[in-house]
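Working notes, beginning with the structure itself.
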């Protein structure tokens with residue numbers, strides 16, 4: 001503060017492309033994840049959540065939406081976020097989806113899914 005420098009906060013939307021590229025995901029998956037993460041970060045429900053966790057969880061939910069067979073462990077290995085964190089933040093995002101107006105886009109279950117979103 002004395003130097004007049006404001007450190008820039010990390011936005012989860014900036015972390016998504018790196019993770020998506022490492023997993024060779026399609027652009028449409030990455031775009032939906034950025035949209036979900038951006039809208040979720042602008043709510044009070046995201047306070048105290050790690051931006052990396054939000055990015056990884058948004059990617060996981062987007063993969064589920066498009067029927068991709070990516071596990072939480074796969075995303076965890078690339079992002080450096082634990083699978084437990086991805087699971088917990090994914091639940092929080094899903095709970096807030098009606099408030100974000102993304103219910104129809106994310107909650108459509110895969111036809112052969114054992115555990116839908």
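The values are calculated or read from the model by the stated rules, or taken from the named source; none is laboratory data. Keep in mind that what you see is a predicted model, and the values were worked out from it rather than measured. No Cβ is skipped: glycine too gets one built from the backbone with ideal geometry, and neighbour counts run over all protein chains shown.
Output the residues belonging to the stretch 1-22 that are part of a loop (DSSP other than H, G, I, E, B) and in contact with a helix residue (DSSP H, G or I) (Cβ under 6 Å, 6 or more places away or on another chain).
10
Of all residues in the stretch 87-106, which are over 25 Å from residue 18 (Cα atoms) and at pLDDT below 85?
Listed by number, the residues that qualify are 98, 99, 101, 103, 104.
Tell me, which residue of the stretch 23-32 that is free of Cβ contacts under 8 Å to residues at least 24 places away in the same chain and in a helix (DSSP H, G or I) is surrounded by the most Cβ atoms within 10 Å (Cβ to Cβ)?
Here the answer is 31.
Would a scan of the stretch 76-86 turn up a residue that is modelled with pLDDT under 90, surrounded by fewer than 14 Cβ atoms within 10 Å (Cβ to Cβ) and either more than 18 Å from residue 13 (Cβ to Cβ) or in contact with a helix residue (DSSP H, G or I) (Cβ under 6 Å, 6 or more places away or on another chain) (or both)?
No, the conditions are met nowhere in the stretch 76-86.
What number goes with the only condition from (1) under 11 Å from the mean Cα position of the chain (by Cα); (2) farther than 18 Å from residue 79 by Cβ that residue 52 does not pass?
(2)
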